[in-house]
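Heads up, the thing below is written out as structure tokens.
The values are calculated or read from the model by the stated rules, or taken from the named source; none is laboratory data. All of these numbers come straight from a predicted model, not from anything done at the bench. Here the Cβ positions follow ideal geometry from the backbone for every residue, glycine too, while neighbour counts run over all protein chains shown. These accessible areas exclude ligands, DNA and RNA; they are computed on the full protein's heavy atoms, side chains included. Shrake-Rupley method; radii C 1.70, N 1.55, O 1.52, S 1.80 Å.
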Amino acid sequence: MIIILKKGAPKNEVDELCRSIEAQNIKINEVKGEHTTILGLIGDTHKVDMEAIEAQEIVESVQRVQEPYKGANRKFHPEDTVVSVGGASIGDGNVAVIAGPCSIETEEQIVNTCMQVKAAGASFLRGGAFKPRTSPYSFQGLGDEGLKLFLKAKKATGLPIVTELMSLAHIDLFDEVDVIQVGARNMQNFEMLKELGKCGKPILLKRGLSSTIEELLMSAEYIFAGGNTQIILCERGIRTFETQTRNTLDISAVPVLKALTHLPIVIDPSHATGKYELVMPMSMAAVAAGADGLIIEVHNNPQKALCDGAQSLTPKHFSDCMDKCEQIASVLDKKVGTRQ
Ligand code: PEP
Ligand code: MN
């Protein structure tokens, strides 16, 4: 971190600022120019309150030279993090596949769809019991009842399950959930992130609708700071001016994140595009870009789906999509889902 002081800053005030910084175990390198004095801070500056320093009368500006996240930073943890749960892994060099319906609707729907995605090679199941809907009049999910049905699908398939937590008030219901999803709308629900830092379960953290990559990493940092290192990042499309797709899939987020962090990255081509016919090409692109996994919506009858039918694949389409991803992955010497 670099602090640029105002011209003529009184020495006693500068000394006082330096003392307060040094008290945080940070060394200061002072560079006096003809017109400007610069303080170079050396040490672990992640916890230094940049805004508080900037607010001081004698300070012209403050600049960070290092990323503000430490736990998620690849510089401090060069090896890839592998998240392993329920016999499946994400981040181990292959392409994990999380698949299932947007929402859990009936026992028949969830168990049947999950059996079919398993048969096609999915390594995790997805399904929403608590749904974040734009309209309060839309189907809100079956809640507690939905989670119970999802557990039946978990039992029938033997695959680990991923489902969204919308409120900390529901966390006690998530005991048998393998991976807790934090939805795009909750990416900056900091109180939730802090609690999830202590929950002892892997977290799938989705990128916010209009969040930068750094903001996504700072949200991961909240979970990390609580002691939970089992975090999977998810790029699910961001808001742009484009209207042809539901969101704009930021494929470049994959290599960018891979360089910045050791955490695994999965792509959600379903919410990114909003159109089932775009799911296969975007899944292939994600695999080609080096994603650690995919999270794909599949419904046994998309036309009758209570949520996101337009972007849901049929089990047959999903199986075709897996075939194509397998072809791309083989070039990179990777496996897809549970396919050998
Ligand atoms: C979902 O995955 O069910 C979902 C609602 O996604 P997002 O939070 O990315 O909109
Ligand atoms: Mn959905």
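Can you tell me which residue in the stretch 256-277 is nearest to GLY93 (Cα to Cα), limited to those that are open to solvent by 10 Å² or more (accessible area, probe 1.4 Å), away from ligand 1 (no atom under 12 Å from the Cβ) and in contact (Cβ under 8 Å) with a residue 12 or more places away in the chain? Looking at residues that are open to solvent by 10 Å² or more (accessible area, probe 1.4 Å), away from ligand 1 (no atom under 12 Å from the Cβ) and in contact (Cβ under 8 Å) with a residue 12 or more places away in the chain, I get LYS258.
Exactly one residue out of ASP320, ASP250 is over 30 Å from GLU221 (Cβ atoms) and among the acidic types (Asp, Glu), and it is ASP320. A count restricted to the stretch 213-244 and to residues that are open to solvent by less than 40 Å² (accessible area, probe 1.4 Å), under 24 Å from LEU278 (Cα atoms) and among the charged types (D, E, K, R) stands at 2.
Just one of the numbered conditions (1) under 30 Å from VAL177 (Cβ atoms); (2) in a strand (DSSP E or B); (3) open to solvent by less than 50 Å² (accessible area, probe 1.4 Å) is not true of SER84: (3). Among residues of the stretch 179-207 being surrounded by fewer than 21 Cβ atoms within 10 Å (Cβ to Cβ) and among the basic types (Lys, Arg), the one that is nearest to ligand 1 (Cβ to nearest atom) is ARG185. Total residues in the stretch 316-340 satisfying the condition of being outside any helix (DSSP H, G or I) and over 25 Å from ASP92 (Cβ atoms): the figure is 0. Of the residues making up the stretch 117-148, just one is over 30 Å from LYS324 (Cβ atoms), more than 16 Å from ligand 1 (Cβ to nearest atom) and either part of a loop (DSSP other than H, G, I, E, B) or open to solvent by less than 30 Å² (accessible area, probe 1.4 Å) (or both), namely TYR137.
Hey, among ASN247, ASN300, which residue is away from ligand 1 (no atom under 16 Å from the Cβ) and either closer than 20 Å to ALA72 by Cα or surrounded by fewer than 24 Cβ atoms within 10 Å (Cβ to Cβ) (or both)? Step by step, each of ASN247, ASN300 is checked, and only ASN300 is away from ligand 1 (no atom under 16 Å from the Cβ) and either closer than 20 Å to ALA72 by Cα or surrounded by fewer than 24 Cβ atoms within 10 Å (Cβ to Cβ) (or both). Listed by position, the strands (runs of 3 or more DSSP E) contained in the stretch 207-315 that have at least 3 residues being within 16 Å of ligand 2 (Cβ to nearest atom) and not charged (D, E, K, R) are 293-297.
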